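Quick note: the coordinates plus some simple rules give every number you see, no bench work behind them. Since the model is a prediction, treat every value here as computed from it, not as a measurement. Here the Cβ positions follow ideal geometry from the backbone for every residue, glycine too, while neighbour counts run over all protein chains shown.
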Protein chains: 2
Amino acid sequence: MPDDIGDELPHALNVLWGRAKPKGRGRTPALSLERIVAAAVALADEEGLAVLSMARLAERLGCAPMSLYRHVASKDDLQLFMLAAAPGPPPEFGTAPADWRGSLTRWAVELFGVYLRHPWIVQLVNSPPVDPGQLAWLDAALRALGGTPLDPRARFSMVMLVVHYVRGAAQILTSMTAEPEERADGAYAALLTELADPGRFPALARTIEAGVFAPNPGAGPDDDFRAGLDHLLDGVGVAIERATRA
Amino acid sequence: MPDDIGDELPHALNVLWGRAKPKGRGRTPALSLERIVAAAVALADEEGLAVLSMARLAERLGCAPMSLYRHVASKDDLQLFMLAAAPGPPPEFGTAPADWRGSLTRWAVELFGVYLRHPWIVQLVNSPPVDPGQLAWLDAALRALGGTPLDPRARFSMVMLVVHYVRGAAQILTSMTAEPEERADGAYAALLTELADPGRFPALARTIEAGVFAPNPGAGPDDDFRAGLDHLLDGVGVAIERATRA
DNA sequence: CCAGTTTGCGTATATCCTACGCGTTGCGTA
DNA sequence: TACGCAACGCGTAGGATATACGCAAACTGG
């Protein structure tokens, strides 16, 4: 007997948006959706997404595997809840801040931090957001551009630019550092040096020679991220300037 | 008896770079790595990455599941080979083309096409490229910037900017169109309209009202991609102009 | 105290990857 | 020509996975 009689939304969405009915009868629950999701997030943070199975999760919670299905319809649903809960609230700035660049930079850096804390997020499929958590992040980014003369479509396009960049940068960084062995940053550089024949890949060989892949001890990995973000925001700045003149 | 005695590279890499020894003895193979990889790519293209299992692949090839393991060490290895083979060659332009923007645009559009033809690529983990196929693409992108005064580190940064954007855009697009039912483009817009409370998500609500998510019949989905790419390349142009003056 | 409702969980099934080892085949060599 | 070995194809089996189904336990309102 599904309870979405007059509602066409999937059950998971109703729960996410607080539209699920409270049911005060029956046995007192030892488990709760919040506990399950929190444990799943912790497990994925510590041991990776591949280790997250219903059995391991149940073991961690001290319950039987099938008990989880009373609160979660499927493993996909669980991942949806994880995706909604893990990021936490976005940075706060009012509507139409004067400094769009500073606001958007802060937003991107914090999102980057979220991805580094929860690397499994970028391994999940990147579907359009439907939960309040992700929509809050999206809204915050759009608000960062609220004071600019860009039209809504352009604003959204710029935000997606930043989203894709942050996600991609985190994806590369986590896949390089999360190698099983202590593959230092230099390992990839050494591998490329051996494989990239200058005759076949001239531009790549020159890039390697210039030491781009070599670990530069003075700078953290965040510096590369910030540099790329700055170039990206230069492009946003061009569009804003163009819209201002028009 | 592994055959990488004097070589520390994983076996899969030796095969990818044509360093595997030819073994002319024994029985004539009915299976080959090329056939297996081609069938796996076709299967993933047609039915999605979730359906790709060793059993299904063997069924398609008319062999027993375990026969595949004579040519492929594991399923992860198979996916590595798929990733190397599916994209095909990158677009051709000489070293240091005069029109960096046109070249990079063509490169990005073709890569976008690859992702749309093989949506499973963007669902796989985005690890740094180590196979000749992906390195050829990377080299081509770096060559597109060969005529600019950017230093190698900046060139690489710009290329990664484009890579992340193309990948992210394809990820969103494929996850929206590959829905099980015939969820038209308008479905997401309708869902957002119901969920995005203007009081809670003011900027998002305004974006929806402006019809950003509504399907505009005149333009294909490529147009959004091209628009975002243009903004991105504006940022690259700023960096190039800055480097020219310096 | 009882009926109804909700939770927790045991069982069973289907599917998956893959370690191990056996029989078969065909080339290179004697 | 005949033999031996290397490589191939595959059958079996084991462990792990998600999850449908149904029953017993526990709690609450009457």
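So what is the 222 nm mean residue ellipticity for chain A from helices alone, if each DSSP H run of at least 4 adds -39500 (n - 2.57) and you divide by all residues, rounding to the nearest 500 deg cm²/dmol?
Details: 10 runs with 141 residues, N = 246.
Rounded to the nearest 500, it is -18500 deg cm²/dmol.
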Charges only on Cβ, +1 for Lys and Arg, -1 for Asp and Glu: so what's the dipole of the stretch B:1-152 about the Cα centre, in debye to the nearest 20?
500
Peptide A:224-234: average number of partner chain Cβ atoms within 10 Å per residue?
5
Positive end of the charge dipole of the protein assembly as shown (Lys, Arg +1 and Asp, Glu -1 on Cβ, about the Cα centre): tell me which of A:Val41, A:Leu161, B:Ala246 has its Cα farthest that way.
A:Val41
Loop only by DSSP, 16 or fewer other Cβ within 10 Å of the Cβ. Give me the trypsin sites (Lys or Arg not before Pro) in the stretch A:118-216 that pass, ordered by residue number.
A:Arg183, A:Arg200
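Pull out a ≥ b ≥ c, the square roots of the eigenvalues of the alpha-carbon gyration tensor of chain A, then state rounded if a/c is under 1.5, prolate if not and a/b is larger than b/c, and oblate in the remaining case. Please list the in-between numbers first.
Working: a/c = 2.76, a/b = 1.34, b/c = 2.06.
Taking the square roots of the gyration eigenvalues as a ≥ b ≥ c, chain A is oblate.
Just to confirm the filter: which GluC sites (Glu not before Pro) across the stretch A:96-205 are DSSP coil and have at most 11 other Cβ within 10 angstrom of their Cβ? Kindly include the intermediate steps, with their values, before the conclusion.
On the way: sites: A:Glu110, A:Glu181, A:Glu182, A:Glu194; in loops: A:Glu181, A:Glu182.
Within the stretch A:96-205, the qualifying GluC sites (Glu not before Pro) (loop, at most 11 other Cβ atoms within 10 Å) are A:Glu181, A:Glu182.
Under the classification rounded if a/c is under 1.5, otherwise prolate if a/b is larger than b/c and oblate if not, where does the protein assembly as shown fall, given a ≥ b ≥ c as square roots of the Cα gyration tensor eigenvalues? Provide the component values of the computation, followed by the final result.
Working: a/c = 1.73, a/b = 1.11, b/c = 1.56.
Oblate, since a/c reaches 1.5 and b/c is not below a/b.
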Note, ³J(HN,Hα) from phi for the stretch B:53-70, Karplus 6.51, -1.76, 1.60, rounded to Hz, x at Gly and Pro:
10, 4, 5, 4, 5, 5, 4, 5, 8, x, 9, 7, x, 6, 5, 4, 6, 6
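Sequence gap of 8 or more, or different chains, plus Cα separation below 27 Å: how many lysine pairs satisfy both in the protein assembly as shown? Could you put the intermediate results ahead of the total?
Working: A:Lys21/A:Lys75; A:Lys23/A:Lys75; A:Lys75/B:Lys75; B:Lys21/B:Lys75; B:Lys23/B:Lys75.
Count of close lysine pairs: 5.
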Hey, what angle do you get for helix A:100-117 against the long axis of chain A, alpha-carbon based, 0 to 90 degrees rounded to 10?
60
